[in-house]
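Contents: one structure, followed by commentary.
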Amino acid sequence: MPRYLVERSFPDGLDIPIDDNGMKTVASVVATNADLGVTWVHSYVGDDNRKTFCIYDGPSPEAIRQVAQRNGLPVDAITEVRVLDPYFYVGDPNAS
Amino acid sequence: MMGFMGASSLLLERDEPLARLRAAADQARAGSGRLLLVTGEAGVGKTALIDRLVETDHGMRVWAGSCEQLFTARPLGPLADIASTADGRLGEVVGRGAPVHEILPVLLDELRSHPTLVVFEDVHWADEATLDVIALLARRMATTCSLVVVTSRDELPVDHPLRLVFGALAGAGVERMRLSPLSLRAVRELAEPLGFDADELFQRTGGNPFFVTEVLATGCIELPSSVRDAVLARAAGLEPQARALLEDVSIVTGTIPLQLVAALGGADAGSLAECLASGMLVETANGVVFRNDLAREAIAGEIEPLRRAALHAIALDVLRATNADPARLAHHAEATGDAESVTEYAPIAGQQAAARGAHREAAEQYRRALRFAGHLDVVTKAELLERGAHEVYLIDHFDEAIAWLMDAVELRHEAGDVLAEGDAMRRLSTVQRCGGRRSDARDVGERAIALLETQPQGFELAAAYGNMAMLAMNASELDVGLVAARKSLDLAAACGNRNAEIYSLNTFGMLGLLSGDERGLESLERSLQIGLAEGRDDHVGRAYIHLADIAQRHRRYDLIDRYYGEATEYCIDHGMELWARYLHVYYARTELDRGRWAAAISAIPPSVDVPGTPLARIDAVVIIGLVRARRGDPGHWNALDEAHMLAKRSGELQWVAPVAAARAEAAWLEGRLGSVADEIQSALQACIDSKAWWWAAELAWWSLRAGLDVPDLELAPAPWAMLLEGRNRESAAAWRELGCPYEEALALAHSDDADDLRAAFEIYDSLGADPAAAIVVRRMRELGVRTIPRGARSTTRANPAGLTTRELDVLRLITQGLRNSDIAEELVVSAKTVDHHVSSVLSKLGVSSRADAAREAIRLGVQDGEQVTQR
């Protein structure tokens, strides 16, 4: 399944309180995503809370947009991404 | 003697499933019908559970039918069982072998007027038509006052057709229930009083109730290692004659009439009584039956091949005299190697299956007949090949159909019947055409005509001309096609062949429309009306497909709006899902072109890449590729490259042209139109040669943008013609009139006027067309426009579904039930502007009606201005 970076803007700032309400919000997003086989892996949030960079696994960009719409979440851009692990290139410490 | 394992103990741990079944029956009787799918491994006790439900006081009439493990299933077997006990119309329609769509309304009438408990058992062995009935019932159960219970094993191979049906089983009244094996506790309860080691028994049997019961019934404490061993051990306890009888009758699936029991096992009443007393056979209304099919399989597996063949021969003889189902007779005939009987009954069974819409089973019967056809004369064999080829073609086995028809042509030649030979060639050509072998199809089609023109003119030649007309249409040789269609039409009318006449009326109309002659629509619609009036499904389906196709090619949105709903309904109700897939894809294209991208994507059926729709897939991936490219989403070239590859392979302009245009647009968005110049030019030339003006004009536009020479177009459609002549504003107005906002913006985006560019930007922005909007912004900078919009405005982005603030206002007013004129007044804008906003709102929400939009607004929580995740 492809992985996507989804950029979102929240001009008034994203606000997910760390309490039951916040949990409900997040759980409802996750449940809606599941309808179309989309998985929210995790997000990076800019320090002004106005921009988020979300990592998603999903079958297609259309599915990402469809669940975003159902969740009432904005989408600025979707980029297909892969993982690059810098330590992959670190050689065997025992080799000369 | 078997008291301890009677029905009551078998039903350990079944209180909850039984309660669910009873609740469903109560709901059904109260007017909210239900379909319950009960699955579980073989031997888990599905039948016992259903029997218990039937015994309870549910106040409904009971209709039960089951499927059997024959080499090839009896078409509509369970319904035939039911019809044999039901009076009135159901018995009549099923009895005369009517297709599913004629049976369904009668069945539904019954289920609506009389509370009925309908049981379809063991549908893992069902034929295609029975599966259709179940799927169609599922969609409508809620409107009945009846309960349908369907049972099936759940260890199905991945390619089992039932998986597709179960996957698609949906509807207001559909429930599923999986029966689990017994728990260790239940096994203990059963086994310990008899001195068995319950833990080991549980481990060995996995708690499978049938297995457990068989082991307990043997009474020997040493545990058998498999169900089969358990069954055989239990049978070993019978007297030798009784055991022999059990083996003899085990070659028969389902109910075994007493007459057949006597013929197979002798008339010794004592042996039969012993088998019944042992519980291995059970008495039914019209014979006896194995209590469980696992037991029957285990016993039957012990019979030596020669004896088995001899038993099947006896069964064939007895059943033949009782006028039994030909599918059953063919089954026994094959098992005993009786070639003459196979070739007598299998074709009849095939014909019956085909008439009921069970094409998979029909194809199987013809394959069976052909395996035994060595002794047949050439003409009979040729007929078999031709009829069989049609059935295997219908289930997408093109290569097999082609091979059979080639043999048929040869046999017809051998028989010296020129008319029949030409006709077989025409059939061959048709299958080759549908299987994508264009040049073979053309070659054979022309040879068929040449041959038939040497003979007295009749139906065969009319059909051959009709085939040629379709060949020419797919090759975009409209003039050749029109001549052939006319000839076919006249000849078919002259010799009174209604089928060929309607077929060619349709082709003739479509060819007319394609060449720009509006009168073609009249012919096409007339072929539809005749097809509907005379109940000719194929012609109706073809007419709908052609109407939808012309709607998407020529942007005739009036046609798609008028026909799409009834067309899909018709195709699904008549078991023509394959056709419905094309309809959905054509509809998706019209949604895309009307700026409703999300709706276009949702309209594409997920099954578009299954066998039988390679061509529908091309359009589908074009739509996906274009939506991605226009939104700036990733993966658009994957889609457009696949489309390119598939279109090239088909070689047909109807796929090549839209693919080339889509690729040109995607390349333009990336500022590298030059990279697809060759593709554009060759497609453009082909469109001009074939007078396909809509595509020609679109490709001419991209050629112009790529700086290529553009030949004059005779008949470019108005909005494109204006754009090509540089009349951008007029073109934009024409696109708006047509309802194509993206193209409207395209026309404005190529103007040099700052206001036009701003208007283009607004439209692109409201559609979420970021890459195109960015191009407009660049152009504004180049032209030195002073106030340049700041890309997509951030407020827009934060609103749900990418709605603009204005659109959100409009949506709230829609939710309050206001009409467009009221909304215009409220917001102090023109009604036209409101129209535009409303269609944009519908598009972004991916819905097609105001009511749906209102529902969606409430779901998104925007009806009163609040949002989910924002302060």
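A few notes on this one:
- Alpha-carbon gyration tensor eigenvalues x 5, square-rooted, for the range B:288-344, Å: 21, 15, 9
- Cα-Cα pairs of the range B:365-514 separated by more than 22 Å (percent): 39 percent
- Local net charge near residue B:410, Cβ-Cβ under 11 Å (Lys/Arg +1, Asp/Glu -1): -1
- Accessible area ranking (1.4 Å probe, heavy atoms, ligands and nucleic acids excluded), largest first, for B:398, B:459: B:459, B:398.
- The packing ranking of peptides B:120-132, B:77-89, highest mean first, is B:120-132, B:77-89, where packing means the average number of other beta carbon atoms within 10 angstrom of each residue.
- Rounded to the nearest 20, the size of the Cβ-charge dipole of the protein assembly as shown about its Cα centre is 1920 debye, with Lys and Arg at +1 and Asp and Glu at -1.
- With 10 Å² as the minimum drop in accessible area between chain alone and full protein complex (1.4 Å probe), the qualifying residues in the range A:1-36 are A:9, A:10, A:11, A:12, A:13, A:14, A:15, A:25.
- Taking the chain by itself as reference, the range A:42-72 contains these residues with an accessible-area loss of 20 Å² or more in the full protein complex (1.4 Å probe, heavy atoms): A:61, A:62, A:65, A:66, A:69, A:70, A:71, A:72.
- Nearest-ten-degree value, helix B:128-140 long axis tilted from longest Cα axis of chain B: 70 degrees
- Between B:76, B:98, B:86, the Cα set farthest toward the positive side of the dipole of the range B:36-98 (charges on each charged residue's Cβ, about the Cα centre) is that of B:98.
- Radius 11 Å from Cβ of residue B:619, net charge of other residues (Lys, Arg +1; Asp, Glu -1): +3
- Per residue, the accessible area of the protein assembly as shown comes to 42 Å², computed with a 1.4 Å probe over protein heavy atoms only.
- Across the range B:844-850, computed HN-Hα scalar couplings (Karplus, 6.51 cos²θ - 1.76 cosθ + 1.60, θ = phi - 60°) run 5, 7, x, 10, 10, 9, 5 Hz from first to last residue, x flagging Gly and Pro.
- Ordering B:407, B:852 by accessible surface, largest first, gives B:407, B:852; the 1.4 Å probe counts only protein heavy atoms, with every chain in place.
- Ellipticity estimate at 222 nm from DSSP helix runs (n ≥ 4, -39,500 (n - 2.57)) divided over the protein assembly as shown, nearest 500: -19500 deg cm²/dmol
- Across the range B:472-481, computed HN-Hα scalar couplings (Karplus, 6.51 cos²θ - 1.76 cosθ + 1.60, θ = phi - 60°) run 5, 5, 5, 8, 6, 9, 5, 5, 4, x Hz from first to last residue, x flagging Gly and Pro.
- Taking amide H atoms as placed 1.01 Å from N in the peptide plane, the amide H of residue A:3 lies under 5 Å from those of A:81, each 5 or more residues away in sequence or on another chain.
- ³J(HN,Hα) computed for each position of the range B:695-702 - Karplus, 6.51 cos²θ - 1.76 cosθ + 1.60, integer Hz, glycine/proline x: 5, 4, 5, 4, 5, 4, 4, 5
- Cα-centre dipole for the range B:267-415 with unit charges at Cβ (Lys and Arg positive, Asp and Glu negative), debye to 20: 260 debye
- Placing one equal scatterer on every Cα of chain A and applying the Debye formula, the log10 ratio I(q)/I(0) at q = 0.12, 0.13 Å⁻¹ is -0.45, -0.51.
- Tilt relative to chain A, helix A:20-35 - C-alpha long axis, 0 to 90 degrees, to 10: 70 degrees
- Pairs over the 26 Å Cα-Cα cut-off, from the set B:691/B:832; B:648/B:844; B:487/B:691: B:691/B:832; B:648/B:844.
- Across the range B:547-620, the convex hull enclosing all Cα atoms gives 77 Å³ per residue.
- Within the accessible area of the protein assembly as shown (1.4 Å probe), percent carbon and sulfur: 51 percent
- In plain terms, if you count all Cα to Cα distances in the range B:1-128 and split them into 10 Å steps from zero, the share in each step is 11, 38, 35, 14, 2 percent.
- Applying Stokes-Einstein at 20 °C and 1.002 mPa s to the Kirkwood radius of chain B, computed over alpha-carbon pairs, gives a translational diffusion coefficient of 68 µm² s⁻¹.
- Computed with a 1.4 angstrom probe on protein heavy atoms, the B-A interface buries about 2100 square angstrom of accessible area in total.
- In degrees, nearest ten, helix B:805-815 long axis to first principal axis of chain B (Cα): 50 degrees
- When Rg and the Kirkwood radius Rh are both evaluated on Cα atoms of the protein assembly as shown, their ratio Rg/Rh stands at 1.03.
- Heavy-atom accessible area for residue B:397, with the other protein chains in place and a 1.4 Å probe, reaches approximately 80 Å².
- Loop-located GluC sites (Glu not before Pro) in the range B:205-263 (DSSP state other than H, G, I, E, B) with a sparse environment of at most 14 neighbouring Cβ atoms within 10 Å: B:222.
- Accessible-area order (highest first, 1.4 angstrom probe) of the listed residues B:477, B:92: B:92, B:477
- Net dipole in debye of the range B:1-154 [+1 Lys, Arg Cβ; -1 Asp, Glu Cβ; about Cα centre; nearest 20]: 360 debye
The values are calculated or read from the model by the stated rules, or taken from the named source; none is laboratory data. None of these values were measured; they are calculated from a predicted model. Neighbour counts are summed over all protein chains in view; Cβ atoms, including those assigned to glycine, are modelled from backbone coordinates with ideal geometry. Accessible surface areas use protein heavy atoms only, side chains included; no ligands, DNA or RNA. Shrake-Rupley method; radii C 1.70, N 1.55, O 1.52, S 1.80 Å.
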